[in-house]
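Have a look at the structure below, then the notes.
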Amino acid sequence: MRKILATAPMMAWTDKHCRFLHRQYAPSALLFTEMITTGALLYGKQHHLLDFNACEHPVAVQLGGNDPVAMAECAAMAQSWGYDEVNINVGCPSDRVQTGTFGACLMQQPTLVADCVRAM
Ligand SMILES: Cc1cc2nc3c(=O)[nH]c(=O)nc-3n(C[C@H](O)[C@H](O)[C@H](O)COP(=O)(O)O)c2cc1C
């Protein structure tokens, strides 16, 4: 079995400064951004949300959303920014993501998740 050491995506924690610190401790771990919502990325400050330090590779961006078109647009943006992996938040149970109908509650909508994956 291939084992991967990864840091957890953590809202309000795993920004590029935190990930830089994590990289000092874990030279080859897969680092995750905090969850970035599609709305924030499409209508907000993209450089602030997506910029990372060169030493962060391998680094994955975690997207929060449920609209296949928006998810595909954000995945393309992340790819052009140089991310190694795009991850969908289908696990976070916080009240905030439930209001937005993504995160863990997407587990109840597997067809919609499949549509997002297909579009991305
Ligand atoms: C402060 C905090 C923020 C988190 N933010 C996210 C997030 O943005 N996306 C996500 O998928 N999980 C998020 N999580 C969940 C963690 O990624 C992880 O799955 C959870 O802490 C369980 O891991 P553990 O058993 O090693 O503690 C967060 C957890 C914490 C404590």
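Of the numbered conditions (1) farther than 22 Å from Met107 by Cα; (2) touching a helix residue (DSSP H, G or I) at 6+ places or on another chain (Cβ under 9 Å); (3) touching a residue at least 40 places away in the same chain (Cβ under 8 Å), Gly65 fails exactly one; give the number of that condition.
Exception for Gly65: condition (1).
Does Cys74 meet the test of being touching a helix residue (DSSP H, G or I) at 6+ places or on another chain (Cβ under 8 Å), outside any loop (DSSP other than H, G, I, E, B), in contact (Cβ under 8 Å) with a residue 24 or more places away in the chain and open to solvent by 40 Å² or more (accessible area, probe 1.4 Å)?
For Cys74, the condition - touching a helix residue (DSSP H, G or I) at 6+ places or on another chain (Cβ under 8 Å), outside any loop (DSSP other than H, G, I, E, B), in contact (Cβ under 8 Å) with a residue 24 or more places away in the chain and open to solvent by 40 Å² or more (accessible area, probe 1.4 Å) - is not met.
Determine whether Gln79 is among the polar types (S, T, N, Q) and away from the ligand (no atom under 16 Å from the Cβ).
Spelling it out, Gln79 is indeed among the polar types (S, T, N, Q) and away from the ligand (no atom under 16 Å from the Cβ).
Among the numbered conditions (1) modelled with pLDDT under 95; (2) more than 28 Å from Leu5 (Cβ to Cβ); (3) of a type outside the set (A, V, I, L, M), tell me where Pro68 comes up short.
Going through (1) modelled with pLDDT under 95; (2) more than 28 Å from Leu5 (Cβ to Cβ); (3) of a type outside the set (A, V, I, L, M) one by one, Pro68 breaks only (1).
State yes or no: is Glu34 part of a strand (DSSP E or B) and open to solvent by 40 Å² or more (accessible area, probe 1.4 Å)? Quick ask: steps written out before the conclusion?
On the way: part of a strand (DSSP E or B): yes; open to solvent by 40 Å² or more (accessible area, probe 1.4 Å): yes.
Against the criterion (part of a strand (DSSP E or B) and open to solvent by 40 Å² or more (accessible area, probe 1.4 Å)), Glu34 qualifies.
Just to be sure I understand the filter: pairs with C-beta atoms under 6 Å, separated by 6 or more residues or on different chains, first member in the range 1-12 and near the ligand (Cβ under 9 Å from one of its atoms), second member of a type in the set (Gly, Ala, Ser). Which pairs pass?
Sorted first by the residue in the range 1-12, then by its partner, the pairs are Thr7/Ala29.
Determine whether the range 22-30 contains at least one residue that is within 15 Å of the ligand (Cβ to nearest atom), of a type in the set (Gly, Ala, Ser) and part of a strand (DSSP E or B). Before the answer, list the steps.
If we filter the range 22-30 for residues that are within 15 Å of the ligand (Cβ to nearest atom), which is where we start, we get 22, 26, 29-30.
Applying the additional criterion that residues be of a type in the set (Gly, Ala, Ser) yields 26, 29.
Restricting the remaining residues to those that are part of a strand (DSSP E or B) gives none.
No, there is no match, as no residue in the range 22-30 is within 15 Å of the ligand (Cβ to nearest atom), of a type in the set (Gly, Ala, Ser) and part of a strand (DSSP E or B).
The values are calculated or read from the model by the stated rules, or taken from the named source; none is laboratory data. Note that the coordinates shown come from a computational prediction; the quantities given were computed from them, not determined experimentally. Cβ sites come from the backbone with ideal geometry, for glycine too, and all protein chains shown count toward neighbours. Protein only, heavy atoms only, side chains kept; ligands, DNA and RNA dropped before computing areas. Shrake-Rupley method; radii C 1.70, N 1.55, O 1.52, S 1.80 Å.
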